[in-house]
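S.K.: First the structure, then my questions, so here it is.
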Amino acid sequence: MSYNIQIFRIETKEREQKLDLDDFFETDENLVPFTDQQFKDLKERLLQYGYNLASETDKELHFNHDDEDYGMVLLTSNGVYFNTGWNRNSIFETGMVASEFTDSGEFAKYDPQNNGWEEV
C-alpha cells in the first residue's frame, strides 16, 4: 500500500471546487497545465530536494530519492505526483516537501487520504 499526494496549479483547485465532480481528477482536461517555466522550476526544485531523475519521456519525468522516506515523484504537464510508503515517517517527510511547493501561491496540495485540499 502506498500514500499519494499531488500538487496542481491553484486554478485546478478552484476548478475542482467549482465543478464538485466525483471523477474530476480522472479527466486530464480538468487539470490546468503548468506553464513551461513552472514545469522547469518544479523539475529544478525536485532536484534541489535530492530527488534524482530516473527516467524521462516527452510528457513525464520520473524521480527517485536515495532516502526511501521521500518516495518517488512523477512530474507531468499538469501535476506533481508524490508516492511514498504507508508509514508515519514517509508520510510526514513527503507531506512536508509537497506543502513547501505551495509556498509561492501558484500551486495547491491535494492529499486524497487526508480530506483533499490543504488549507493555507
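S.K.: May I ask you to list pairs of residues, at least six apart or on different chains, whose Cβ atoms are under 7 Å apart, with the first in the range 3-17 being closer than 15 Å to PHE34 by Cα and assigned to a strand (DSSP E or B) and the second being of a type in the set (Val, Ile, Thr) and open to solvent by less than 50 Å² (accessible area, probe 1.4 Å)?
M.R.: Hits for this filter: GLN6/VAL80; ILE7/VAL80; ARG9/VAL32.
S.K.: Another question, then. Looking at the range 86-120 only, could you name the residues that are under 24 Å from GLU44 (Cα atoms), open to solvent by 80 Å² or more (accessible area, probe 1.4 Å), among the hydrophobic types (A, V, I, L, M, F, W, C) and part of a loop (DSSP other than H, G, I, E, B)?
M.R.: Passing the criteria: only VAL120.
S.K.: Return yes when GLY71 is of a type outside the set (Ser, Thr, Tyr) and within 13 Å of the chain's Cα centre (by Cα) and no when it is not.
M.R.: Numbers: of a type outside the set (Ser, Thr, Tyr): yes; within 13 Å of the chain's Cα centre (by Cα): yes.
Against the criterion (of a type outside the set (Ser, Thr, Tyr) and within 13 Å of the chain's Cα centre (by Cα)), GLY71 qualifies.
S.K.: Please go through the range 55-85 and pick out each residue that is outside any strand (DSSP E or B), within 20 Å of THR35 (Cβ to Cβ) and among the acidic types (Asp, Glu). Working first, answer last.
M.R.: So the first thing to find is which residues in the range 55-85 are outside any strand (DSSP E or B), and the list is 57-59, 66-71, 77-79.
Now restrict to residues that are within 20 Å of THR35 (Cβ to Cβ): 57-59, 77-79.
The one that is outside any strand (DSSP E or B), within 20 Å of THR35 (Cβ to Cβ) and among the acidic types (Asp, Glu): ASP58.
S.K.: Please verify whether THR94 is polar (S, T, N, Q), closer than 19 Å to ASN115 by Cβ and touching a Phe, Trp or Tyr at 6+ places or on another chain (Cβ under 6 Å), treating the condition exactly as stated. Talk me through it step by step, then tell me what you get.
M.R.: Details: polar (S, T, N, Q): yes; closer than 19 Å to ASN115 by Cβ: yes; touching a Phe, Trp or Tyr at 6+ places or on another chain (Cβ under 6 Å): yes.
So THR94 fits the description; yes.
S.K.: Check TYR81, TYR51 and return the single one that is touching a helix residue (DSSP H, G or I) at 6+ places or on another chain (Cβ under 9 Å) and either open to solvent by 70 Å² or more (accessible area, probe 1.4 Å) or of a type in the set (Phe, Trp, Tyr) (or both). Show your work before the answer.
M.R.: Values: TYR81 fails: touching a helix residue (DSSP H, G or I) at 6+ places or on another chain (Cβ under 9 Å).
Of the residues listed, the single one that is touching a helix residue (DSSP H, G or I) at 6+ places or on another chain (Cβ under 9 Å) and either open to solvent by 70 Å² or more (accessible area, probe 1.4 Å) or of a type in the set (Phe, Trp, Tyr) (or both) is TYR51.
S.K.: Any idea which of (1) at pLDDT below 95; (2) within 14 Å of ILE10 (Cβ to Cβ); (3) loosely packed, with under 15 Cβ neighbours inside 10 Å is the one LYS59 doesn't satisfy?
M.R.: Here LYS59 clears every test but (2).
S.K.: Are any of the residues in the range 25-48 open to solvent by 70 Å² or more (accessible area, probe 1.4 Å) and at positive phi?
M.R.: no
The values are calculated or read from the model by the stated rules, or taken from the named source; none is laboratory data. Only a predicted model underlies this, so the values are computations on that prediction, with no experimental measurement involved. Here Cβ is always computed from backbone atoms with ideal geometry, including for glycine, and neighbour counts include all displayed protein chains. Ligands, DNA and RNA are stripped out before the accessible areas are found, and what is left, the full protein with its side chains, is counted by its heavy atoms. Shrake-Rupley method; radii C 1.70, N 1.55, O 1.52, S 1.80 Å.
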